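These notes concern the structure reproduced below.
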Amino acid sequence: MPNYRIIIDLSDRKLYLLDNNIVVRAYPVGIGRMVTQSPSGEFTIINKQPHPGGPFGAFWMGLSKPHYGIHGTNDPSSIGGLVSHGCIRMYNQDVLELQALVPIGTRVTIRP
């Protein structure tokens, strides 16, 4: 049984999936703009929704901080940039791969 957790490093704009503290995947992400920065701290995934519509791409994973989540995008060129209102934005194929691996309740650490 895997023991997954997620670490998002805002400084290098990467999301890391760890299994028993070993990085098993790394994904590029888009993060919050200067004025709407992504929050740092400890969170958990509290819900999942396929096809949330609008700018959220193929999948939404809501965090325990209200209105924040990890989601896909309808603008792939935004990945790697300071682009969102604070959410963590991923390529659609990456968010679909990630959501298939991590259950609700997965720990998410966001580092500045």
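The values are calculated or read from the model by the stated rules, or taken from the named source; none is laboratory data. For clarity, every value in this text was computed on a predicted model and none was experimentally measured. Reconstructed Cβ throughout: ideal geometry from the backbone, glycine too, with neighbour counts over all protein chains shown. Surface accessibility is based on the protein's heavy atoms, side chains included, excluding ligands, DNA and RNA. Shrake-Rupley method; radii C 1.70, N 1.55, O 1.52, S 1.80 Å.
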Only one of Asp9, Asp19 is surrounded by 15 or more Cβ atoms within 10 Å (Cβ to Cβ) and modelled with pLDDT of 95 or more, namely Asp9
Taking segment 71-105 and the residues there that are crowded, with 19+ Cβ neighbours inside 10 Å and of a type in the set (S, T, N, Q), the one that is nearest to Tyr16 (Cα to Cα) would be Gln99
Per the filter on segment 39-73, residues modelled with pLDDT under 95, touching a Cys at 6+ places or on another chain (Cβ under 9 Å) and among the small types (Gly, Ala, Ser) are none
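Condition test on Val24, is it touching a strand residue (DSSP E or B) at 6+ places or on another chain (Cβ under 6 Å), at pLDDT below 95 and open to solvent by less than 70 Å² (accessible area, probe 1.4 Å)?
Numbers: touching a strand residue (DSSP E or B) at 6+ places or on another chain (Cβ under 6 Å): yes; at pLDDT below 95: no; open to solvent by less than 70 Å² (accessible area, probe 1.4 Å): yes.
Spelling it out, it is not the case that Val24 is touching a strand residue (DSSP E or B) at 6+ places or on another chain (Cβ under 6 Å), at pLDDT below 95 and open to solvent by less than 70 Å² (accessible area, probe 1.4 Å).
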Selection from segment 46-70 of residues within 18 Å of Arg107 (Cβ to Cβ), within 13 Å of the chain's Cα centre (by Cα) and not in a strand (DSSP E or B) yields Ser64, Lys65, Tyr68
